Amino acid sequence: MEKKTKETKPVVSIRHAKKYFLAGRHLFRPSDYVKAVDDVSFDIMPGETVGLVGESGCGKSTLARTVIRIYEPSAGGIFYHGADISHLSNARLRPFRTKMQMIFQDPYASLNPRYTVGEIIGEPMQIAHMGGKDEREGRVQKLLQQVGLKPDHISRYPHEFSGGQRQRIGIARTLALDPDFIICDEPISALDVSIQAQIINLLEKIQDENGLSYLFIAHDLTMVRHISHKIGVMYLGHLLEFGDADEVYENPLHPYTRALISAAPVPDPEQARTRHRIKLTGEVPSPIHAPAGCPFCTRCPECRPECLLAPPVMANQNGHKVACYKYV
Amino acid sequence: MLQKSEFFNPIDKSEQDSEFIAMEPRSFWHDVWDRFRSNRRALIGLIVLLFIVLLAVLGPLFSPYPYDGMGTEVNCGPGAAHWFGTDALGRDLFTRVLYGIRISLFVGFVSTLINCAIGVLYGGVAGYVGGRVDAVMMRFVDVLYAVPSLLYIILLMMMFGSNVGSIMVGMCISGWVGIARLMRTQVISLKGREYVLAAYTEGAGPARILFKHMFSNAMSPILVQATLAIPQAIFQEAFLSFIGMGISAPQASLGTLAQDARMYMAIYPHQMVCPIAMICIIIFALNFISEGLSEALDPTNSR
Ligand SMILES: Nc1ncnc2c1ncn2[C@@H]1O[C@H](COP(=O)(O)OP(=O)(O)O)[C@@H](O)[C@H]1O
Ligand code: SF4
Ligand SMILES: [Mg+2]
């Protein structure tokens with residue numbers, strides 16, 4: 001491989017992170033938990049985009065919210081530049097808040113409808129006591145330009161903008177404090193197809209300009225490959241596969257990843273007709289009663305007896321990691 | 001062959017954002033006011049209420065009669081000298097009605113304001129903190145609510161005398177419970193909103209999230225409930241005064257005036273009609289405003 005392997009420290013490290021939600025208490029048996037994120041580990045390097053894919057409900061948003069400490073992890077660690085932020089109190093998280101930001105999925109829900117664009121984008125600076133009122137206003141106008149809006153949009157209200165424009169406002173807000181790590185939780189899936197590419201291009205432009213790292217969440221593998229350096233595949237709260245984007249896409253190891261890739265639409269109709277599609281049968285099990293063994297065992301076409309007993313450990317094949325008994 | 005450009009011309013760069021040029025920025029409250037204004041009943045209610053407030057505030061300054069000044073002309077009918085006539089002690093009824101409006105409106109608005117403040121704070125904290133704190137706080141609310149507010153008012157009056165203060169405190173002991181419950185449910189439903197999470201990831205503290213982001217969006221139903229609570233409070237005060245447990249002489253609320261006139265109802269009906277009509281007008285006006293406001297705040301929910 002001729003990839004640049006810069007020996008730098010990760011911006012964010014996720015170590016055996018778990019997030020369980022209490023789903024029900026019982027008198028005579030243990031409580032039920034939704035195991036939304038179950039033992040996930042990976043690193044995000046400076047200037048790098050890690051794409052995270054998986055079906056809806058597999059725990060991507062929960063992982064994102066745990067990393068940015070909206071949730072406190074049930075177990076495991078979240079490290080920002082080596083500092084353990086897993087269990088910090090709100091007050092002690094504040095210095096980190098300026099450096100890690102998040103772009104939300106729904107541009108109609110992520111902007112408070114009662115405030116102007118200027119107030120929304122300026123709020124992080126206000127909270128961090130950055131500059132005076134005029135200074136903040138100037139910066140908001142600059143940010144608006146950076147995301148492709150006009151400085152005089154500053155006094156407008158969110159409902160006066162289209163979905164794509166709102167997402168730009170959301171992006172400008174995350175940039176206000178000059179972070180080095182941004183989580184994008186399905187930032188384009190609520191948008192019109194014609195707008196999606198614009199937002200992706202904007203995110204890439206900003207990454208170049210500001211030297212950002214992204215954790216980019218999507219349920220569409222094709223799009224993630226386009227912008228990610230690394231790809232992680234999640235299923236039922238577990239990370240099944242992680243590696244360089246092209247490597248994962250061209251040489252998928254995990255049966256689930258293979259199924260995902262074979263199900264993705266291809267632009268060439270000839271290729272679409274002839275290629276081999278792996279059909280997934282059955283339903284995703286409930287995250288409350290997840291299988292005891294491999295999380296994918298109920299639907300895996302290559303399931304073996306040992307798969308049902310205990311979850312497979314992550315095997316590392318030259319940086320391409322996979323959790324499957326086929327590769328132990 | 002047709003040239004492509006005959007049908008399709010690239011639009012001018014300046015036209016691309018033409019949608020933005022014409023309009024002024026419009027805030028939510030701007031829109032609410034426009035919708036409210038276009039509702040005739042609500043607008044009339046508002047104008048009538050403003051007129052009455054103005055009358056109650058400024059009227060007594062221009063009235064030649066003090067509210068407790070007795071005269072020799074007893075029980076006279078409405079006329080040029082005494083617009084609403086005089087009562088059994090020769091006091092000018094119009095002046096007394098003006099003072100009565102003052103007290104009624106004061107009781108209605110101030111008690112509602114206090115109830116809203118307590119309710120928003122209490123319900124907001126309960127909903128925001130959640131868990132066991134919330135459970136305990138809401139049980140306390142249930143207990144308060146189980147006792148009728150009349151009981152509190154009577155108790156306070158026995159202890160501190162029949163005055164505006166006792167009535168108001170009595171109304172505020174449990175009057176905030178409805179607002180607190182409303183605020184709590186609003187806060188709980190707003191907790192997972194993405195703009196609230198965004199504020200959280202920006203490092204916003206609980207006070208900022210609760211009173212800036214959540215309150216600004218929870219305000220509509222609270223405002224509607226508050227505008228309904230004002231006439232209720234006015235009515236309750238009038239009722240208490242009418243059954244003789246309200247404000248004592250020589251001060252008079254509209255209810256007291258009606259109570260005083262009860263004995264002469266058959267002979268001098270105007271003494272009773274004037275204060276009661278005033279109560280009706282105020283309550284109608286407030287109800288129209290409340291109705292208009294609730295439609296203006298949520299156009300999809302027209303009653
Ligand atoms: N606050 C919560 N409380 C309880 N369960 C939750 C909560 N948030 C998410 N879940 C559950 O966790 C699982 C993962 O959800 P989520 O992270 O939103 O998935 P994704 O973003 O991949 O679609 C789902 O089963 C969901 O129902
Ligand atoms: S561990 Fe077994 S069940 Fe799981 S994906 Fe691999 S082969 Fe399939
Ligand atoms: Mg999600």
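The values are calculated or read from the model by the stated rules, or taken from the named source; none is laboratory data. Note that the structure is a prediction, hence the values are computed from the model and not measured. Reconstructed Cβ throughout: ideal geometry from the backbone, glycine too, with neighbour counts over all protein chains shown. Heavy atoms of the whole protein, side chains included, go into the accessibility calculation; ligands, DNA and RNA do not. Shrake-Rupley method; radii C 1.70, N 1.55, O 1.52, S 1.80 Å.
Any chance you could count how many residues in the range A:54-84 are away from ligand 2 (no atom under 16 Å from the Cβ) and either away from chain B (no Cβ under 14 Å) or assigned to a loop (DSSP other than H, G, I, E, B) (or both)?
Number of matching residues: 20.
Could you tell me whether residue B:210 is under 30 Å from residue B:285 (Cβ atoms), more than 7 Å from chain A (Cβ to nearest Cβ) and in contact (Cβ under 8 Å) with a residue 60 or more places away in the chain?
In short, no.
Being in contact with a Leu (Cβ under 7 Å, 6 or more places away or on another chain), more than 16 Å from ligand 2 (Cβ to nearest atom) and acidic (Asp, Glu) narrows it down to one residue among A:180, A:185; which is it?
Of A:180, A:185, the one residue that is in contact with a Leu (Cβ under 7 Å, 6 or more places away or on another chain), more than 16 Å from ligand 2 (Cβ to nearest atom) and acidic (Asp, Glu) is A:180.
From the list A:101, A:105, which one is touching a residue at least 60 places away in the same chain (Cβ under 8 Å), facing chain B (nearest Cβ under 9 Å), open to solvent by 50 Å² or more (accessible area, probe 1.4 Å) and closer than 20 Å to residue B:192 by Cα?
Just one listed residue meets the conditions, A:105.
Taking the range A:26-43, which residues are part of a strand (DSSP E or B) and either open to solvent by 40 Å² or more (accessible area, probe 1.4 Å) or at pLDDT 90 or above (or both)?
Within the range A:26-43, A:33, A:34, A:35, A:36, A:37, A:38, A:39, A:40, A:41, A:42, A:43 meet the criteria.
Would you confirm whether or not the range A:180-188 contains a residue that is out of contact with any strand residue (DSSP E or B) (no Cβ under 7 Å at 6 or more places or on another chain) and at pLDDT below 95?
yes
Please count how many residues of the range B:186-214 are touching a Gly at 6+ places or on another chain (Cβ under 7 Å) and open to solvent by 20 Å² or more (accessible area, probe 1.4 Å).
Qualifying residue count, the range B:186-214: 1.
Select from the range B:237-251 the residues that are in contact with a Ser or Thr (Cβ under 8 Å, 6 or more places away or on another chain), open to solvent by less than 50 Å² (accessible area, probe 1.4 Å) and not acidic (Asp, Glu) and list them in ascending order.
Once the filter is applied, which keeps residues that are in contact with a Ser or Thr (Cβ under 8 Å, 6 or more places away or on another chain), open to solvent by less than 50 Å² (accessible area, probe 1.4 Å) and not acidic (Asp, Glu), the range B:237-251 yields B:238, B:241, B:246, B:247.
Mind listing whichever residues of the range A:280-297 are modelled with pLDDT under 90 and within 16 Å of ligand 1 (Cβ to nearest atom)?
Once the filter is applied, which keeps residues that are modelled with pLDDT under 90 and within 16 Å of ligand 1 (Cβ to nearest atom), the range A:280-297 yields A:283, A:284, A:285, A:286, A:287, A:288, A:289, A:290, A:291.
I need a count of the residues in the range A:222-258 that are open to solvent by less than 10 Å² (accessible area, probe 1.4 Å) and either modelled with pLDDT under 90 or of a type in the set (Lys, Arg) (or both).
Here the count works out to 1.
What single numbered condition from (1) more than 10 Å from chain B (Cβ to nearest Cβ); (2) open to solvent by 10 Å² or more (accessible area, probe 1.4 Å) fails to hold for residue A:157?
(1)
Hey, among the residues in the range A:108-142 that are farther than 14 Å from residue A:154 by Cβ and among the small types (Gly, Ala, Ser), which one's farthest from the other protein chains (Cβ to nearest Cβ)?
That would be A:132.
Go through the range A:179-219 and report how many residues are open to solvent by 10 Å² or more (accessible area, probe 1.4 Å), within 14 Å of chain B (Cβ to nearest Cβ) and within 16 Å of ligand 1 (Cβ to nearest atom).
3
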